[in-house]
1. Failed condition for Phe217, given (1) over 22 Å from Phe49 (Cβ atoms); (2) open to solvent by 40 Å² or more (accessible area, probe 1.4 Å), with all others met?
2. Any idea which of Ser25, Ser29 is in contact with a Lys or Arg (Cβ under 8 Å, 6 or more places away or on another chain), at pLDDT below 95 and small (Gly, Ala, Ser)?
3. Listed residues Tyr124, Tyr172, Tyr137; which is open to solvent by 20 Å² or more (accessible area, probe 1.4 Å) and of a type in the set (Phe, Trp, Tyr)?
4. Could you tell me whether Val122 is in contact with a strand residue (DSSP E or B) (Cβ under 6 Å, 6 or more places away or on another chain) and of a type outside the set (Gly, Ala, Ser)?
5. With the condition kept exactly as written, say whether any residue in the stretch 69-85 is within 22 Å of the chain's Cα centre (by Cα), among the polar types (S, T, N, Q) and within 21 Å of Ser123 (Cβ to Cβ).
6. May I ask you to say which residue of Ala165, Ala106, Ala99 is among the small types (Gly, Ala, Ser), open to solvent by 40 Å² or more (accessible area, probe 1.4 Å) and in contact with a strand residue (DSSP E or B) (Cβ under 7 Å, 6 or more places away or on another chain)?
7. Hand me the list of helices (runs of 4 or more DSSP H) wholly inside the stretch 39-130 holding 1 or more residues that are of a type in the set (S, T, N, Q) and touching a residue at least 40 places away in the same chain (Cβ under 8 Å).
8. I need a count of the residues in the stretch 223-238 that are of a type in the set (Val, Ile, Thr), surrounded by 13 or more Cβ atoms within 10 Å (Cβ to Cβ) and modelled with pLDDT of 95 or more.
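The values are calculated or read from the model by the stated rules, or taken from the named source; none is laboratory data. Being a predicted model, the structure only gives us computed values, none of them experimental. Cβ placement follows ideal geometry from the backbone for every residue including glycine, while neighbour counts extend to all protein chains displayed. Remember, those area values only see protein heavy atoms, side chains included, never the ligands or the DNA or RNA. Shrake-Rupley method; radii C 1.70, N 1.55, O 1.52, S 1.80 Å.
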Amino acid sequence: MKINASGDTAVIVEFGDEVDRNLSSRVLSAQACLANAELAGVIEVIPTFRSLMVQYDPLATTSAQVIARITPLISTAAIRKVQTRKWSVPVCYEEEYAADITDVAAATGNTTEQVVALHSDVSYHVYMLGFLPGFPYLGDLAPALHLPRRTNPRTRVPKGSISIATSLTSIYPFESPGGWHLIGTTPIELFNVNDTPPALFTPGDQIKFESVSKPEFIDISNQVSAGTYCLKPEVITT
């Protein structure tokens, strides 16, 4: 474990250099430990794949003081079973909503049906949020679907696009540039500034994709637009 200052308002705690569920468990356990400690001057503790950013108020404390306080807490923080949420996310994998699914099938030596089955068969772990507000980095993608990012990124990726790249999959919460392969679309909203918290998912959540038909996709989209669709997670212990 390494702890270093990051500018004059944060310190970074590094736990390793891999995308790994055990490493993520260490990160999330340390995050919970620091959040529960309610340390003076600490504003927020933000998890990534392999590290924590501990943001603090420079008028209330210093990086040296923060490091001295968090080091013994993190060093003794044990990985523990925690309650988290498991989401079932509807996805339409039909080609109209999956611009790259045929190319992904060809590049991986699968049929489009096999791509759908491989992608929807996994319970994904939310490692972190980033890039866009509410954008979840999900692992771990089936090895049979591992591909590098697109050679030519798109300037416009549609909102709700389900994407894959390397060992990860994700969902675009907004229209955005992007270089991942698009294999489906979900009609759900991932980020709403009027919600608390505004992001639907949080690190540590589990996500399972549920294949739906075009008529089902349109029906859910209409419910989302009308504000009548409610996606509720199952609370589980991991």
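1. Unmet for Phe217, out of (1) over 22 Å from Phe49 (Cβ atoms); (2) open to solvent by 40 Å² or more (accessible area, probe 1.4 Å): (2).
2. On the way: Ser25 fails: in contact with a Lys or Arg (Cβ under 8 Å, 6 or more places away or on another chain).
Unique residue meeting the criteria: Ser29.
3. So the residue among Tyr124, Tyr172, Tyr137 that is open to solvent by 20 Å² or more (accessible area, probe 1.4 Å) and of a type in the set (Phe, Trp, Tyr) is Tyr137.
4. Numbers: in contact with a strand residue (DSSP E or B) (Cβ under 6 Å, 6 or more places away or on another chain): no; of a type outside the set (Gly, Ala, Ser): yes.
When the stated conditions are applied, Val122 does not pass them.
5. The answer is yes, given that some residue of the stretch 69-85 is within 22 Å of the chain's Cα centre (by Cα), among the polar types (S, T, N, Q) and within 21 Å of Ser123 (Cβ to Cβ).
6. Ala99
7. On the way: elements: 63-75, 101-108, 112-120.
Passing ranges, in order: 63-75, 112-120.
8. Initially, the stretch 223-238 is screened for residues of a type in the set (Val, Ile, Thr), giving 224, 228, 235-238.
Filter once more, keeping what is surrounded by 13 or more Cβ atoms within 10 Å (Cβ to Cβ): 224, 236, 238.
Still in the running and modelled with pLDDT of 95 or more: 224.
Residues flagged as of a type in the set (Val, Ile, Thr), surrounded by 13 or more Cβ atoms within 10 Å (Cβ to Cβ) and modelled with pLDDT of 95 or more within the stretch 223-238 amount to 1.
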